[in-house]
Amino acid sequence: MKHFLSLADFTPEQIDELLQLGLRLKEEWRSGGNKPVLAGKSLALVFMKPSLRTRVSFEMAMVRLGGYAFYLSPNEIKLGNRESVPDAARVLSSYVDCIMARVYEHDHILQLAEYSSVPVINGLSDYNHPAQGLADLFTILEVKGRLRGLKVAFVGDGNNVARSLLFGAMKTGMNFAIASPAGYTLGDDDREKALAMRIDPEQTVTFVTDPAEAVRGADVVYTDVWTSMGQEAESGRRLQVFVSYQVNEELVAQANEDCIVMHCLPAHRGEEITDAVADGPHSVLWQQAENRMHAQKAILVKLLA
Ligand code: CP
Ligand code: NVA
């Protein structure tokens with residue numbers, strides 16, 4: 001593992017290793033604290049967009065493993081604006097042992113990785129969100145005890161989070177369905193790429209427009225905001241287009257009785273998810289958010305220890 005840019009880059013065995021290591025590190029943390037295996041290592045957290053979970057969970061993952069992390073706000077680095085991405089990558093990587101970056105254009109992540117002399121972690125781009133995807137697999141495994149053969153249904157925008165979930169599902173033997181309004185689903189290229197990643201030829205990838213169809217037989221119902229960071233100008237239109245894609249009690253009742261409901265957060269309660277579902281018996285939202293830290297410890301240890 002040189003960088004952590006997309007779940008598509010890893011073999012199913014590597015993803016399983018990350019999940020098992022994350023579970024071990026969570027257990028270790030619970031029973032007294034993690035060993036300082038990253039003592040003396042440093043992580044730069046570069047943000048071109050806001051964050052709660054990604055910023056704090058990466059910082060605390062590093063701190064709890066004995067390392068040091070620091071935050072660089074959108075006003076400091078101004079990637080690709082104040083200086084070119086390759087120049088920023090060359091300089092920053094001469095100071096630190098690892099760079100995590102949250103960007104708009106996915107190409108900026110790829111350029112950082114190309115020109116950095118240290119590992120680069122993708123902390124979300126307009127294309128994908130693999131650290132979230134890994135934590136999502138971690139949470140499903142923790143709650144359900146397995147991944148293979150389960151069905152994940154994503155309801156809403158075919159966005160960065162949906163794409164990482166799709167790739168993660170394929171690499172771990174799950175079936176994936178997405179329900180989105182026409183024109184807002186994942187791409188045909190994503191579907192082709194996902195099908196080629198399957199570890200079992202029986203795994204299905206279904207793109208539909210009807211949320212009820214997607215959640216039928218689902219073990220996991222997943223949603224995310226209708227307007228992602230950077231799309232704010234479209235939010236009025238998106239509110240109208242997505243109005244029938246809300247994850248509410250009526251929709252959840254059509255999934256498996258023991259389904260879990262997931263959301264990467266932040267949530268726009270009353271839009272893509274209701275309070276009754278977010279705070280209801282199927283919700284694993286807080287466990288999912290906490291698991292960002294544990295899954296990311298595994299990424300950091302694999303890249304740096
Ligand atoms: N889920 C997630 O990445 O949250 P933040 O945007 O708060 O980091
Ligand atoms: N799709 C959302 C995820 C936030 C964690 C966004 O990109 O804004």
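Output the residue which, of all residues in region 228-243 that are without any contact (Cβ under 8 Å) to a residue 60 or more places away in the chain and not aliphatic (A, V, I, L, M), is nearest to VAL208 (Cα to Cα).
Of region 228-243, the ones without any contact (Cβ under 8 Å) to a residue 60 or more places away in the chain are 231-237, 239-240, 243.
Okay, now just the ones that are also not aliphatic (A, V, I, L, M), so 231-232, 234-237, 240.
On the way: GLN231: 23, GLU232: 25, GLU234: 22, SER235: 22, GLY236: 23, ARG237: 21, GLN240: 19 Å.
Among them, the one singled out is GLN240.
Kindly indicate whether any position in region 282-305 is open to solvent by 70 Å² or more (accessible area, probe 1.4 Å), of a type outside the set (Asp, Glu) and at pLDDT below 95.
Checked against the condition, which is being open to solvent by 70 Å² or more (accessible area, probe 1.4 Å), of a type outside the set (Asp, Glu) and at pLDDT below 95, region 282-305 yields at least one hit.
Please state which one of ILE109, ILE99, ILE121 is closer than 29 Å to ASP157 by Cα, within 18 Å of the chain's Cα centre (by Cα) and away from ligand 2 (no atom under 16 Å from the Cβ). Break it down into steps so the answer makes sense when it comes.
On the way: ILE109 fails: away from ligand 2 (no atom under 16 Å from the Cβ); ILE121 fails: away from ligand 2 (no atom under 16 Å from the Cβ).
Criteria check complete, one pass: ILE99.
Only one of TYR71, TYR115 is closer than 13 Å to HIS3 by Cα, aromatic (Phe, Trp, Tyr) and out of contact with any Ser or Thr (no Cβ under 6 Å at 6 or more places or on another chain); which? Working first, answer last.
Numbers: TYR71 fails: closer than 13 Å to HIS3 by Cα.
From the options TYR71, TYR115, the qualifying one is TYR115.
What is the one condition in (1) open to solvent by less than 80 Å² (accessible area, probe 1.4 Å); (2) under 18 Å from THR185 (Cβ atoms); (3) more than 16 Å from ligand 1 (Cβ to nearest atom); (4) among the polar types (S, T, N, Q) that SER235 does not satisfy?
SER235 satisfies all of (1) open to solvent by less than 80 Å² (accessible area, probe 1.4 Å); (2) under 18 Å from THR185 (Cβ atoms); (3) more than 16 Å from ligand 1 (Cβ to nearest atom); (4) among the polar types (S, T, N, Q) except (2).
Counting just the residues of region 154-169 that are touching a Phe, Trp or Tyr at 6+ places or on another chain (Cβ under 7 Å) and of a type in the set (A, V, I, L, M), which one comes out nearest to GLU249 (Cα to Cα)?
VAL155
Taking GLU13 and the conditions (1) more than 18 Å from SER164 (Cα to Cα); (2) among the acidic types (Asp, Glu); (3) away from ligand 1 (no atom under 16 Å from the Cβ), which numbered condition does it fall short on, given that it satisfies the others?
Of (1) more than 18 Å from SER164 (Cα to Cα); (2) among the acidic types (Asp, Glu); (3) away from ligand 1 (no atom under 16 Å from the Cβ), only one is false for GLU13: (1).
Kindly evaluate PHE47 against the criterion of being touching a Ser or Thr at 6+ places or on another chain (Cβ under 7 Å), touching a residue at least 60 places away in the same chain (Cβ under 8 Å) and of a type in the set (Phe, Trp, Tyr).
In short, yes.
So which residues in region 242-266 are away from ligand 1 (no atom under 16 Å from the Cβ), of a type outside the set (A, V, I, L, M, F, W, C) and in contact with a helix residue (DSSP H, G or I) (Cβ under 8 Å, 6 or more places away or on another chain), if there are any at all?
Listed by number, the residues that qualify are SER244, TYR245, ASN248, GLU249, GLN254.
List the helices (runs of 4 or more DSSP H) that sit entirely inside region 113-208 and contain at least 3 residues that are charged (D, E, K, R) and open to solvent by 10 Å² or more (accessible area, probe 1.4 Å).
Working: elements: 130-144, 160-171, 188-197.
Here the list reads 188-197.
The values are calculated or read from the model by the stated rules, or taken from the named source; none is laboratory data. Bear in mind that the values here come from a model prediction, so they are computed numbers and not experimental data. Positions of Cβ are generated from backbone atoms using ideal geometry, with glycine treated the same way; all protein chains shown enter the neighbour counts. The area values use the complete protein model at the heavy-atom level, side chains included, leaving out ligands, DNA and RNA. Shrake-Rupley method; radii C 1.70, N 1.55, O 1.52, S 1.80 Å.
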